[in-house]
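Handing you this structure, nothing more for now.
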Amino acid sequence: MANRRLAPASEQPASFAFSSENAEWAKGQIEKYPEGRQASAVIPLLWKAQEQNGGWLPRAAIEAVAGELGMPHIRVLEVATFYTMFALEPVGRFWIQLCGTVPCDSCGARELKDYLQARLGAPGHVSADGNFSWLEVECLGACCNAPMAQINQDYYEDLTPDLLGALMDDLAAGRPVKIGSQVGRTSSEPKGGADTLTDATLFDGSRVGAWRQRFEDKKAEDSSETSGKAEAASSEQRAAADPKPAHPASGRAAEGKSTDAPAQRSAAGETPVKSVDETDAADRTESTAQPGTPAPSAAETVARAEAAGAEAGTQSDLPRDEPPPQPVASGASEAVDEPKPAPANKSGPKRSAPKSEGN
Ligand code: FES
């Protein structure tokens, strides 16, 4: 890294002032910043002062910029000495800033430095013919094409001592030179040409169209799903607004809360047992449970039941001398053709269970 010192007093001009044109330009730069933030224009103003002064910044120019921005001299001096873009000593017609940071150093910047040292002498001094001066600087941001150098405003990359020498010769002679890579590299592509992203469809628009088609298909699919959901929601809303009875609800007895229970009648202040029920209960007692009457035998009970059935037109066809068949067990095949027991007469007395002959 080069020393960042002001040029000797013998080389410093006595004063500096912006030209009227540059003063107008500086005013426009300062107006870009809000009131109280005019110091933010220090770099553009220093840059313009350097340009006006033949490519380097004398002390007088630094102080003039400080006065223009209302800054202490030392603060502007700090900026000018920090950035290598500001030359603090007179420079040649072509000012070479050679990058010496690691990537460029690894790729041959040290050989370039030796070449400049040999051709121009120590950095910071103008060559005898006035054409060149040079300085080692830090990374200039073109590491991909290292090693490189900035000459005035342009970058020259992929340099070797021979290429740099030829370049300097052309510049000094006024011949046209090639800016950028000196080995035919395009931008920062690999040497020999690009070896990635070489598919032409990446650049002819067809792949972009394919992506767009995919997005459109996905959009159509999403909108179809959305309309399906909306239709289902609409059906649900219609069903909620106009409910239909579930099949086959029509004709079913309505299940409701019973209001005829004794407890409810009692709670309502009525007699828990209706008088008609009491009368009915008394009649049944008389017909089935006369006090002092012995219980009928099983044969008598069956005979009474059949007689009652005959009166009701539902005479049983069961044989009298055989026990009634047992009901088919649950789950047995219904295909078995067995006689079924006669249905019990709800209104008559219940039939006693048949006894086996052994009992
Ligand atoms: S290291 Fe040289 S340009 Fe970055």
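Bear in mind these aren't lab numbers, they're just calculated from the coordinates by the rules spelled out. The structure displayed is predicted, hence computed values, not measured ones. All Cβ positions, glycine included, derive from the backbone under ideal geometry; neighbour counts span all protein chains shown.
Report whether or not C144 is part of a loop (DSSP other than H, G, I, E, B) and within 9 Å of the ligand (Cβ to nearest atom). I'd like the intermediate steps shown before the answer.
Working: part of a loop (DSSP other than H, G, I, E, B): no; within 9 Å of the ligand (Cβ to nearest atom): yes.
Considered against the rule, which asks whether it is part of a loop (DSSP other than H, G, I, E, B) and within 9 Å of the ligand (Cβ to nearest atom), C144 comes out as no.
Of all residues being within 50 Å of the chain's Cα centre (by Cα) and of a type in the set (F, W, Y) in segment 13-71, which is nearest to M85 (Cα to Cα)? Just the residue, please.
In this case the residue turns out to be W47.
Also, I was wondering about something else. Let me confirm something: among I43, I30, which residue is among the β-branched types (V, I, T) and in contact (Cβ under 8 Å) with a residue 40 or more places away in the chain? Spell out how you get there, then give the answer.
Values: I30 fails: in contact (Cβ under 8 Å) with a residue 40 or more places away in the chain.
Result: I43 is the single residue among I43, I30 that is among the β-branched types (V, I, T) and in contact (Cβ under 8 Å) with a residue 40 or more places away in the chain.
Still on this structure, I have one more. What number of residues within segment 8-26 are in a helix (DSSP H, G or I) and either touching a residue at least 12 places away in the same chain (Cβ under 8 Å) or at positive phi (or both)?
Step one: of segment 8-26, the residues in a helix (DSSP H, G or I) are 9-11, 20-26.
So of that shortlist, the ones also either touching a residue at least 12 places away in the same chain (Cβ under 8 Å) or at positive phi (or both) come out as 11, 22, 25-26.
Adding up the residues that qualify gives 4.
Looking for something touching a Cys at 6+ places or on another chain (Cβ under 7 Å) and within 16 Å of the ligand (Cβ to nearest atom) - is there at least one such residue anywhere in segment 187-203? Walk me through it before giving the result.
Residues of segment 187-203 touching a Cys at 6+ places or on another chain (Cβ under 7 Å): 188.
Filter once more, so that each one left must be within 16 Å of the ligand (Cβ to nearest atom): 188.
There is at least one residue in segment 187-203 that is touching a Cys at 6+ places or on another chain (Cβ under 7 Å) and within 16 Å of the ligand (Cβ to nearest atom).
Another one. Select from segment 84-102 the residues that are among the β-branched types (V, I, T), buried (at least 20 other Cβ atoms within 10 Å of the Cβ) and closer than 19 Å to L46 by Cα and list them in ascending order. Steps first, answer last, please.
Initial filter on segment 84-102 (among the β-branched types (V, I, T)): 84, 91, 96, 101-102.
Among the residues that remain, those that are also buried (at least 20 other Cβ atoms within 10 Å of the Cβ) are: 91, 96.
Residue satisfying the conditions is V91 alone.
Kindly evaluate L159 against the criterion of being part of a loop (DSSP other than H, G, I, E, B) and either crowded, with 19+ Cβ neighbours inside 10 Å or within 16 Å of the ligand (Cβ to nearest atom) (or both). Full working, then the answer.
Working: part of a loop (DSSP other than H, G, I, E, B): yes; either crowded, with 19+ Cβ neighbours inside 10 Å or within 16 Å of the ligand (Cβ to nearest atom) (or both): yes.
Against the criterion (part of a loop (DSSP other than H, G, I, E, B) and either crowded, with 19+ Cβ neighbours inside 10 Å or within 16 Å of the ligand (Cβ to nearest atom) (or both)), L159 qualifies.
Right, A172: more than 16 Å from the ligand (Cβ to nearest atom) and either closer than 30 Å to Y33 by Cα or assigned to a strand (DSSP E or B) (or both) or not? Working first, answer last.
Working: more than 16 Å from the ligand (Cβ to nearest atom): yes; either closer than 30 Å to Y33 by Cα or assigned to a strand (DSSP E or B) (or both): no.
No.
Does W95 fit the bill of being more than 16 Å from the ligand (Cβ to nearest atom), of a type in the set (A, V, I, L, M, F, W, C) and touching a strand residue (DSSP E or B) at 6+ places or on another chain (Cβ under 8 Å)? Spell out the reasoning first.
Working: more than 16 Å from the ligand (Cβ to nearest atom): yes; of a type in the set (A, V, I, L, M, F, W, C): yes; touching a strand residue (DSSP E or B) at 6+ places or on another chain (Cβ under 8 Å): yes.
Considered against the rule, which asks whether it is more than 16 Å from the ligand (Cβ to nearest atom), of a type in the set (A, V, I, L, M, F, W, C) and touching a strand residue (DSSP E or B) at 6+ places or on another chain (Cβ under 8 Å), W95 comes out as yes.
Using beta carbons and a limit of 8 Å, which pairs, at least six apart or on different chains, have the first residue in segment 139-151 and closer than 19 Å to D170 by Cβ and the second one within 8 Å of the ligand (Cβ to nearest atom) and part of a loop (DSSP other than H, G, I, E, B)?
Correct list of pairs: M148/L140; M148/A142; Q150/L140.
Taking segment 118-141 only, how many residues are within 14 Å of the ligand (Cβ to nearest atom), surrounded by 15 or more Cβ atoms within 10 Å (Cβ to Cβ) and of a type in the set (A, V, I, L, M, F, W, C)? If you could, list the steps in order and put the result at the bottom.
We begin by selecting, within segment 118-141, every residue within 14 Å of the ligand (Cβ to nearest atom); these are 135-141.
Going one step further and asking which of them are surrounded by 15 or more Cβ atoms within 10 Å (Cβ to Cβ), we end up with 135-137, 140.
From the residues that got through so far, the ones that are of a type in the set (A, V, I, L, M, F, W, C) too are 135, 137, 140.
Number of matching residues: 3.
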